[in-house]
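What follows is one structure encoded as structure tokens, with my remarks underneath.
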Amino acid sequence: MWGGIEATVNRTGRGVSDQIRLSGHDRRIEDCDRIGALGLTVLRFPVLWERTERAPGVLDWAWPDARLERLRSLGIAPVLGLVHHGSGPTWVDLRSPGFAPGLTAFAAAAARRYPWVEAWTPVNEPLTTARFSALYGLWYPHLCDERAFWAALLNQIDATRGAMRAIRAVNPRARLVQTEDFGRTDGTAPCMAQVRYENDRRLMTWDLLCGRVVAGHPLYRHLCDLGFGTRLAAISDDPCPPDVIGMNHYVTSDRFLDHRLELYPADVHGGNATMRYADVETVRAVDIALPDWAGHLSCL
């Protein structure tokens, strides 16, 4: 049985939201013992870039050192997460050219510090993070721009590839555990083109890491038209396929697009370049039985 610490640390207009601190976990090393008592054998655990590199090149390992040693003594194998819905320390962000090299350097330092750790998630849910940060504008850098969204995603993919190269230079047995939201989009008939696009897009974290976004992929030409052809070629020429895929699904992951705007409050109205539609959680909009896990997998 596996478990995980809720480790989101992100920037918003109101400052930094640190779930590790808000939950009190940062002050309770005895949480490790409680987790061990549950019978867990693997634990996703945060050694977050933002919390560890306090200034450029200044790394404070005291907090993760103590907790990882406690987990090790309990026989719990960690999956170390380095960015969890964040955008890196304050001197970089998801659009920054320094994001991928910075995370790569931090991953190398973490691997040297913990050479016995074999499972890593350099970036949790890259596509979800890019959506909330650069497409919906909710997290830093608070953008609502499709090209910025794709740039943010590609930066995180490059950071993951670089981080795993650096980690495997220390520990060749290191495994990439790649997580992503697995929500599905449905909608009314006039919204079907956008529905298809979003269902293709939801797989892009894994498709990119596996080097599958090449000619013939449903979104390849679109990204080339946005100016990302060279970056796609570099990724497909040097892929970093996950060893373990984590398909995250929440009751509000599934989305429903509806062209009948009058049925919905204005704050859920959205659209694309050609039409307007409401974008809501399927569970709140449709009185039908939602697909189960097998149903979601069968849609791939």
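Assorted remarks:
- Using the rule -39500 (n - 2.57) for each DSSP H run of four or more residues, divided by the residues of the chain, the 222 nm mean residue ellipticity is -10500 deg cm²/dmol.
- Within the range 74-106, the chymotrypsin sites (Phe, Trp or Tyr not before Pro) that combine a DSSP coil assignment with at most 14 other C-beta atoms in a 10 angstrom radius are Trp91.
- Carbon and sulfur %, accessible surface of the range 107-223 computed with the full protein complex present, 1.4 Å: 53 percent
- Over the range 130-188, the Kirkwood radius and the radius of gyration, each from Cα atoms, give a ratio Rg/Rh of 1.13.
- Stretching Leu138 away from Arg54 to a fully extended chain increases their span by 27.8 nm, per 0.36 nm per residue minus the current alpha-carbon distance.
- Furthest towards positive pole of dipole, Asn199, Ala174, Gln156, structure part the range 137-226, Cβ charges: Ala174
- Separation in nanometres of the label points that stand 7 Å from Cα toward Cβ, at Arg113 and Ala66: 1.4 nm
- Angle of helix 99-113 to the longest C-alpha principal axis of the chain, folded into 0 to 90 degrees and rounded to 10: 30°.
- The slack between Asp181 and Leu22, meaning 0.36 nm per residue of separation minus the straight C-alpha distance, is 54.9 nm.
- Taking the Cα centre of the chain as origin and assigning +1 to Lys and Arg Cβ atoms and -1 to Asp and Glu Cβ atoms, the resulting dipole is close to 700 debye.
- Placing +1 on the Cβ of every Lys and Arg and -1 on the Cβ of every Asp and Glu, with nothing else charged, gives the range 169-243 a dipole about its Cα centre of roughly 60 debye.
- Per residue, in Å², the accessible surface of the range 1-66 once ligands and nucleic acids are set aside, probe 1.4 Å: 52 Å²
- With DNA, RNA and ligands ignored, accessible area of Val283 (1.4 Å probe; Å², nearest 10): 70 Å²
- The chain - percent relative contact order, Cα under 8 Å, separation 6 or more: 14 percent
- Of the beta bridges in the range 48-182, as assigned by DSSP with both residues counted there, near 20 percent are antiparallel.
- Set of the range 32-54 residues, backbone N closer than 16 Å to the point 7 Å along the Cα-Cβ line of Trp91: 49-54
- Fraction of antiparallel bridges per DSSP, the chain only, in percent to nearest 5: 35 percent
- Projected over every direction and averaged, the convex hull enclosing the alpha-carbon atoms of the range 1-96 yields 6.5 nm².
- Between Glu146 and Thr274, the simple label model (points 7 Å from Cα in the Cβ direction) yields a spacing of 1.0 nm.
- Overall form of the range 1-160 per C-alpha gyration tensor (a/c, 1.5; a/b vs b/c): prolate
The values are calculated or read from the model by the stated rules, or taken from the named source; none is laboratory data. Source: prediction; values computed, not measured. Neighbour counts run over all protein chains shown; Cβ positions are idealised from the backbone, glycine included. Side chains included, ligands, DNA and RNA excluded: accessible areas come from the protein's heavy atoms. Shrake-Rupley method; radii C 1.70, N 1.55, O 1.52, S 1.80 Å.
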